[in-house]
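Here's the structure we're looking at; comments come further down.
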Amino acid sequence: MSKVIDALSILLVLGAALAFSLGVAALGEHHDLVSIYWLVIGGLVLRAAVELLRPRSSSR
Amino acid sequence: MTQLGGVESNARLPSSRARSPLQALRDRANTVLPGAYAWVTTVALPSVQQAAPLLARVAAFGALVALVAAPLFIDERPRVGRALGVYAFIGLSLLSWVALGSGLLQSRGDPLLSALGAVAFMLYALGWGSLRRRGLVPEDGPNVIAGPPLQPRSRPPALVPVVFGVIIASALVPTFLAFRVADMERGLFAHAVAVLTAILVISVGSRAALSLGQRRTLPPSAERLNAAAVPLALLALAFGLGFLWLVVR
């Protein structure tokens, strides 16, 4: 199970890079709203990857 | 610049006195080659235009001199070498761009060439990091504590460098795409976003790649999944809204 989560975290990082790329590409096509949408998606995907890699301790 | 084997800012390497200038350039090829490429593509090409002011040309030539001279001083006088390689080269390149002014924007060359120049500048910056000299190992350092060498507790899987390379390549994609944004304001924003996202992706991605060999330090799988539940739920919501938007539009 741990290996699957490791693989998932790497896929999420790559997915975040893809979303950021789509956001920057949309900027070039003057689709500002689409660009913001993909940048937000990328931020959320990257945040999920961070949480998988370094979850906040529940003992706090 | 404080790691063992690194180029200390105020330390001299005694064994380097016999090196010729050619050997010094060869040993610092990791900075000279990307620096030369970056200089040619982003500084020299705009500066050789007919409309380029004299100051831009002089600054560009000075940047080249600083680039080539830095490795010659790095061993005997590290401070001078660093001042030439980092401050003088970058500063004179900046001065050349400033002197070009609007001419720099009007003479937009090949976006791919500019993007590769930006990557070359990044490699140049990395080259000035703590890279040890050829043939020098940390154990040769004067402050090393004698004793048996410490063995690593575990070796990372062979897949880690591959994953790390793919992550770095994917993080650089927005940087290349930013050069395709023609509009000036959007282009500036695109470059800022590209740099920020590249830093974030490489930072998180390196942790993800290295975690492949460090499972013992991570919490149980269920706790990791629970921690990611909120951003994943928000992600699903965002995808749902996006799909709805596509349908309604």
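Scanning region A:28-47 for residues being surrounded by fewer than 20 Cβ atoms within 10 Å (Cβ to Cβ) and either touching a strand residue (DSSP E or B) at 6+ places or on another chain (Cβ under 8 Å) or among the aliphatic types (A, V, I, L, M) (or both) gives a total of 4. Flag not set for B:L112, criterion: exposed (fewer than 15 other Cβ atoms within 10 Å of the Cβ), modelled with pLDDT of 90 or more and part of a helix (DSSP H, G or I). Given the conditions (1) assigned to a helix (DSSP H, G or I); (2) more than 14 Å from the chain's Cα centre (by Cα), report the number of the one that A:R47 does not fulfil. So the condition that A:R47 fails would be (2).
Taking residues in region B:221-245 that are within 16 Å of A:M1 (Cβ to Cβ), and partners anywhere that are among the acidic types (D, E), the pairs with Cβ atoms closer than 8 Å and at least 6 places apart or on different chains are B:R224/A:E51; B:A227/A:E51; B:A228/A:E51. Residues to consider are B:L210, B:L196, B:L246, B:L188; find the one that is outside any loop (DSSP other than H, G, I, E, B), more than 7 Å from chain A (Cβ to nearest Cβ), within 30 Å of B:R155 (Cβ to Cβ) and aliphatic (A, V, I, L, M). Just a single option satisfies the conditions, and that option is B:L210.
Going by what's in this entry, would B:V166 be described as at the interface with another protein chain (Cβ under 9 Å from one of its Cβ atoms), assigned to a helix (DSSP H, G or I) and out of contact with any Phe, Trp or Tyr (no Cβ under 7 Å at 6 or more places or on another chain)?
Working: at the interface with another protein chain (Cβ under 9 Å from one of its Cβ atoms): yes; assigned to a helix (DSSP H, G or I): yes; out of contact with any Phe, Trp or Tyr (no Cβ under 7 Å at 6 or more places or on another chain): yes.
The answer is yes for B:V166.
If you check B:V201 against the conditions, is it within 9 Å of another protein chain (Cβ to nearest Cβ), in a helix (DSSP H, G or I) and either touching an Asp or Glu at 6+ places or on another chain (Cβ under 8 Å) or farther than 27 Å from B:L113 by Cα (or both)? Spelling it out, it is not the case that B:V201 is within 9 Å of another protein chain (Cβ to nearest Cβ), in a helix (DSSP H, G or I) and either touching an Asp or Glu at 6+ places or on another chain (Cβ under 8 Å) or farther than 27 Å from B:L113 by Cα (or both). The residue list B:V173, B:V248, B:V166 contains one member that is modelled with pLDDT of 90 or more, outside the structural domain of B:F121 (by TED's automatic domain parsing) and either surrounded by fewer than 20 Cβ atoms within 10 Å (Cβ to Cβ) or among the basic types (K, R) (or both), which is B:V166.
One residue stands out among those in region A:9-21 that are more than 7 Å from chain B (Cβ to nearest Cβ) and buried (at least 21 other Cβ atoms within 10 Å of the Cβ): the one that is nearest to B:S203 (Cα to Cα), which is A:L12.
The values are calculated or read from the model by the stated rules, or taken from the named source; none is laboratory data. The structure displayed is predicted, hence computed values, not measured ones. Heads up, the Cβs are rebuilt from the backbone with ideal geometry, glycines too, and the neighbour counts pull from every protein chain shown.
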